[in-house]
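Asker: Once you've had a glance at the structure underneath, I'll fire off some questions.
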Amino acid sequence: MKAARIHAYGTPDVIRVEDAPLPKIGPDDVLVRSIAASINPVDWKIRRGYLAQMIPYEMPLTLGWDVSGIVEQIGANVTTFKPGDAVYSRPDIRRNGTYAEYVAIAARELAPKPTTISHVEAASLPLVSITAWEALITTAQMQPGQRVLIHAGAGGVGSIAIQLAKAKGAHVTATASAAKAALVRSLGADEVVDYRDPAAFAAARDLDIVFDTIGGDTQEASWNMLKPGGFLVSITQAPNPERATAEGKRAGFVFIDPNAAILRDLATMVDAGQIRPLIGGEFRLDHAARAHEASETGRTTGKIVLYTGQP
Ligand SMILES: NC(=O)c1ccc[n+]([C@@H]2O[C@H](COP(=O)([O-])OP(=O)(O)OC[C@H]3O[C@@H](n4cnc5c(N)ncnc54)[C@H](OP(=O)(O)O)[C@@H]3O)[C@@H](O)[C@H]2O)c1
């Protein structure tokens with residue numbers, strides 16, 4: 001089968017689109033024929049070797065940890081899926097990924113794909129949606145009527161976080177550059193703050209939850225945006241718990257794992273028209289390196305999708 005793999009860490013040109021062996025499935029696995037994958041910043045962070053201390057990857061490594069496709073074959077213990085089922089997943093990042101025509105995934109990490117969207121759209125959803133859900137709902141315990149600020153509202157995570165927060169009844173403020181303000185409003189943001197305008201940034205106050213998707217100076221500024229008892233939830237760097245206590249605020253850090261239960265709930269929301277995918281770029285598998293270069297600019301809109309197979 002064809003796969004986009006790396007044989008060593010490095011720049012985008014270490015990605016080789018080449019023949020690779022068909023993945024072998026264990027008794028609890030499903031072999032998925034991949035129709036589309038999507039790019040997340042973790043893909044190029046892994047390609048650069050940033051997670052090498054945390055996960056001892058063997059080379060060659062197939063990148064990519066979002067997929068939508070069709071069940072091709074099931075392991076001996078699998079009863080929840082059958083060949084021909086349409087599925088989507090954010091699989092375990094410790095295994096070979098989804099920039100390939102076929103991928104082996106534990107059945108417990110798969111969910112039925114939403115029925116009202118294409119595989120290309122579905123592939124854009126799993127990783128960012130699990131992230132937004134775990135940050136806002138599981139960790140910050142977002143409630144209807146709360147005032148929530150989402151940083152990078154035009155990004156992969158932010159574009160889903162806005163829609164999720166609105167669907168759950170929150171009042172949503174999102175940060176975005178001025179050029180993307182209209183887009184972010186179209187996703188449901190009640191207010192948009194231009195993050196390049198210091199006065200507008202400083203005026204964001206009295207929030208119940210701030211979702212930090214940027215870190216650094218953005219996280220630093222986020223503390224002052226919270227009201228007493230407010231919750232700072234980050235996916236880029238752990239907020240200092242002592243500072244949270246000293247300021248009478250709460251804080252948490254999320255690093256996601258596969259979560260099929262969230263993907264099932266998400267599929268229901270997608271099929272009810274509450275959440276729609278936002279695709280900012282589409283590439284052929286052959287051009288995976290170019291897709292990485294685009295993602296690494298940090299300026300993309302929504303998600304970049306890779307075509308890995310025929311629908
Ligand atoms: N811990 C976890 O489990 C987890 C899970 C998912 C993602 N992450 C991390 O979360 C981060 C965001 O992921 P993502 O997929 O959303 O990234 P992304 O899609 O690449 O984000 C791109 C967006 O960020 C916006 N942006 C850049 N700088 C900004 C700033 N200072 N303020 C506001 N918006 C800004 C850009 O808008 P403009 O063009 O307008 O600047 C662009 O639309 C990444 O570092 C990723 O690795 C962590």
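The values are calculated or read from the model by the stated rules, or taken from the named source; none is laboratory data. Quantities reported herein were computed from a predicted structural model and do not represent experimental measurements. Note that each Cβ is placed from the backbone with ideal geometry, even for glycine, and that neighbours are counted across all protein chains shown. These area figures cover heavy atoms from the full protein model, side chains too; ligands, DNA and RNA do not enter into them. Shrake-Rupley method; radii C 1.70, N 1.55, O 1.52, S 1.80 Å.
Asker: Mind checking whether some residue in region 170-189 is within 16 Å of residue 140 (Cα to Cα) and among the small types (Gly, Ala, Ser)?
Answerer: Looking for residues that are within 16 Å of residue 140 (Cα to Cα) and among the small types (Gly, Ala, Ser), one finds at least one in region 170-189, hence yes.
One line per residue, one yes/no per condition, for (1) over 25 Å from residue 33 (Cβ atoms); (2) open to solvent by 50 Å² or more (accessible area, probe 1.4 Å); (3) in the same structural domain as residue 138 (by TED's automatic domain parsing):
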position	(1), (2), (3)
259	no, no, no
263	no, no, no
266	no, no, no
270	no, no, no
287	no, yes, no
295	no, no, no
298	yes, yes, no
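Asker: Here's a follow-up. Could you check region 65-88 and list, in sequence order, the residues that are open to solvent by 20 Å² or more (accessible area, probe 1.4 Å), in contact with a strand residue (DSSP E or B) (Cβ under 7 Å, 6 or more places away or on another chain) and closer than 17 Å to residue 263 by Cβ?
Answerer: 70, 85, 86
Asker: Within region 99-114, can one find any residue that is within 16 Å of the ligand (Cβ to nearest atom), touching a residue at least 60 places away in the same chain (Cβ under 8 Å) and open to solvent by less than 10 Å² (accessible area, probe 1.4 Å)?
Answerer: Within region 99-114, not a single residue is within 16 Å of the ligand (Cβ to nearest atom), touching a residue at least 60 places away in the same chain (Cβ under 8 Å) and open to solvent by less than 10 Å² (accessible area, probe 1.4 Å).
Asker: Hey, another quick one. Name the pairs: first residue in region 297-311 and under 13 Å from residue 183 (Cβ atoms), second residue of a type in the set (Lys, Arg) and near the ligand (Cβ under 8 Å from one of its atoms), Cβ to Cβ under 9 Å, at least 6 apart or on different chains?
Answerer: Close Cβ pairs (under 9 Å, with a partner that is of a type in the set (Lys, Arg) and near the ligand (Cβ under 8 Å from one of its atoms)) amount to 301/180.
Asker: Identify the single condition in (1) surrounded by fewer than 18 Cβ atoms within 10 Å (Cβ to Cβ); (2) within 30 Å of residue 34 (Cβ to Cβ); (3) under 18 Å from the mean Cα position of the chain (by Cα) that residue 311 does not satisfy, given that it satisfies every other one.
Answerer: That leaves (3) as the condition not met.
Asker: I'm trying to understand the selection: among the residues of region 1-49, which are over 22 Å from residue 305 (Cβ atoms), surrounded by fewer than 19 Cβ atoms within 10 Å (Cβ to Cβ) and touching a residue at least 40 places away in the same chain (Cβ under 8 Å)?
Answerer: Matches in region 1-49: 7, 8, 9, 22, 24, 26, 27, 28, 49.
Asker: Restricting to region 244-272, give me the number of residues that are more than 21 Å from residue 140 (Cα to Cα) and either among the hydroxyl-bearing types (Ser, Thr, Tyr) or free of Cβ contacts under 8 Å to residues at least 40 places away in the same chain (or both).
Answerer: Selection size over region 244-272: 2.
Asker: Just the residues that are among the aliphatic types (A, V, I, L, M), open to solvent by less than 20 Å² (accessible area, probe 1.4 Å), in contact with a strand residue (DSSP E or B) (Cβ under 7 Å, 6 or more places away or on another chain) and in a helix (DSSP H, G or I), please, taken from region 157-206.
Answerer: Listed by number, the residues that qualify are 161, 162, 165, 184.
Asker: So, one more: Here are 238, 289: which of them is modelled with pLDDT of 95 or more and within 18 Å of residue 64 (Cβ to Cβ)?
Answerer: Only one candidate qualifies: 289.
Asker: Considering only residues that are outside any helix (DSSP H, G or I), away from the ligand (no atom under 16 Å from the Cβ) and touching a Ser or Thr at 6+ places or on another chain (Cβ under 8 Å), which ones fall in region 119-156?
Answerer: 147
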